[in-house]
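Right, one structure below, let's go through it.
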Amino acid sequence: MADLVYPPVIGLCRTAFFALGMKFSVTGAEHIPREGPAVLAINHVSYLDFIFAGLAAQPSKRLVRFMAKDGVFKDRIGGPLMRGMHHIPVDRDAGTASFRTAMTALKGGEVVGIFPEATISRSFTVKELKSGAVRLAQASRTPLVPVALWGGQRMFTKGHPKNLTSRGRHILIAVGEPIPAPKGADGDELTDTLRSRLQELLEDLQRRTPEQPKHGEDAWWHPAHLGGSAPTPEQAAAMDAADREARA
């Protein structure tokens with residue numbers, strides 16, 4: 001598969017990160033295999049997560065093919081870029097086609113990235129997960145690798161104005177040990193295990209980021225159980241339900 005678009009996009013992103021003085025911390029990158037297929041299951045806190053998750057695979061010299069909602073592929077600017085980087089469109093009303101495309105990529109030795117929460121978590125905790133990541137790993141007999149991201153929510157997330165110009169932001173990325181996903185294992189149990197691993201990785205990042213809430217600050221960008229003022233998981237679920245009702 002020829003990659004004429006992906007490397008220049010990575011270079012452009014790196015230049016922008018350098019210009020903004022962004023500080024990156026990546027731990028556990030050795031868990032992403034240097035060759036052969038893998039499924040990366042990633043938490044979702046910002047609209048920039050696919051960029052940061054891709055950086056986790058750079059030490060292994062891998063390009064991640066992300067599964068993303070098909071609306072992004074219809075964008076006048078984003079669409080050609082997404083197709084040029086061979087990402088995988090997902091139609092939520094007809095998911096079989098995207099599953100097959102992802103399986104083909106895995107059988108071809110690619111790394112596939114998926115956000116099993118499906119939407120951004122307003123509470124900045126790990127929501128209930130869809131089963132797609134586990135099913136892909138089981139069907140393809142592929143390592144299931146949890147990846148936690150933190151920091152992008154301060155730049156561009158759901159329900160808050162985007163801020164892409166502030167300097168010195170910290171982006172923390174943690175790659176966990178692969179979770180065995182044999183074909184005959186219980187999918188629900190594996191999905192619960194994946195969620196627990198992601199929450200552990202995420203909370204570790206949240207506790208050690210230099211960007212901690214200050215006394216009296218409206219820290220909407222930090223989870224409530226760690227001293228921030230983000231919605232609780234229950235409040236976030238109610239907000240998501242209201243959004244779905246409004247769209248319907």
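The values are calculated or read from the model by the stated rules, or taken from the named source; none is laboratory data. Because the structure is a prediction, the values reported are computed rather than measured. Neighbour counts are summed over all protein chains in view; Cβ atoms, including those assigned to glycine, are modelled from backbone coordinates with ideal geometry.
If you go through the stretch 24-36 one residue at a time, do you hit one that is charged (D, E, K, R), loosely packed, with under 15 Cβ neighbours inside 10 Å, in a loop (DSSP other than H, G, I, E, B) and out of contact with any Leu (no Cβ under 8 Å at 6 or more places or on another chain)? Yes, the conditions are met somewhere in the stretch 24-36.
So for the stretch 232-245 (the condition being assigned to a helix (DSSP H, G or I), at pLDDT 95 or above and in contact with a helix residue (DSSP H, G or I) (Cβ under 9 Å, 6 or more places away or on another chain)), does at least one residue qualify? Looking for residues that are assigned to a helix (DSSP H, G or I), at pLDDT 95 or above and in contact with a helix residue (DSSP H, G or I) (Cβ under 9 Å, 6 or more places away or on another chain), one finds at least one in the stretch 232-245, hence yes.
Only one of Gly54, Gly113 is outside any loop (DSSP other than H, G, I, E, B), touching a residue at least 12 places away in the same chain (Cβ under 8 Å), touching a Phe, Trp or Tyr at 6+ places or on another chain (Cβ under 6 Å) and not polar (S, T, N, Q); which? Break it down stepwise before answering.
On the way: Gly54 fails: touching a Phe, Trp or Tyr at 6+ places or on another chain (Cβ under 6 Å).
Result: Gly113 is the single residue among Gly54, Gly113 that is outside any loop (DSSP other than H, G, I, E, B), touching a residue at least 12 places away in the same chain (Cβ under 8 Å), touching a Phe, Trp or Tyr at 6+ places or on another chain (Cβ under 6 Å) and not polar (S, T, N, Q).
So that you can scan it fast, the table gives a plain yes or no per residue for (1) touching a residue at least 40 places away in the same chain (Cβ under 8 Å); (2) in a loop (DSSP other than H, G, I, E, B):
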{"position": "Gly168", "(1), (2)": "yes, yes"}
{"position": "Ile171", "(1), (2)": "yes, no"}
{"position": "Ala181", "(1), (2)": "yes, yes"}
{"position": "Asp192", "(1), (2)": "no, no"}
{"position": "Pro213", "(1), (2)": "no, yes"}
{"position": "Glu217", "(1), (2)": "no, yes"}
{"position": "Trp220", "(1), (2)": "yes, yes"}
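Figure legend. Inter-residue proximity from the stretch 94-110: first residues of a type outside the set (A, V, I, L, M, F, W, C), second residues surrounded by fewer than 13 Cβ atoms within 10 Å (Cβ to Cβ), beta-carbon distance below 6 Å, spacing 6+ or different chains. Indicated pairs: Gly109/Gly36.
Total residues in the stretch 197-233 satisfying the condition of being of a type in the set (Lys, Arg) and crowded, with 17+ Cβ neighbours inside 10 Å: the figure is 1. Do we have Arg100 as of a type in the set (D, E, K, R) and assigned to a helix (DSSP H, G or I) here? Taking the combined requirement at face value, the residue satisfies it.
Whenever a residue of the stretch 11-34 is free of Cβ contacts under 8 Å to residues at least 40 places away in the same chain, its partners that are exposed (fewer than 15 other Cβ atoms within 10 Å of the Cβ), lying with C-beta atoms within less than 7 angstrom and at least six residues away or across chains, give the pairs Arg34/Lys61.
In the stretch 168-196, the qualifying residues are those that are surrounded by 12 or more Cβ atoms within 10 Å (Cβ to Cβ) and of a type in the set (Asp, Glu), and the one that is nearest to Ala139 (Cα to Cα) is Asp192.
Take Gln206 and decide whether it is under 25 Å from Glu30 (Cβ atoms) and in contact with a Phe, Trp or Tyr (Cβ under 7 Å, 6 or more places away or on another chain). Explain how you work it out, then say what you get.
Values: under 25 Å from Glu30 (Cβ atoms): yes; in contact with a Phe, Trp or Tyr (Cβ under 7 Å, 6 or more places away or on another chain): yes.
Spelling it out, Gln206 is indeed under 25 Å from Glu30 (Cβ atoms) and in contact with a Phe, Trp or Tyr (Cβ under 7 Å, 6 or more places away or on another chain).
Considering only residues in the stretch 125-139 that are under 25 Å from Glu234 (Cα atoms) and charged (D, E, K, R), the one that is surrounded by the most Cβ atoms within 10 Å (Cβ to Cβ) turns out to be Lys127.
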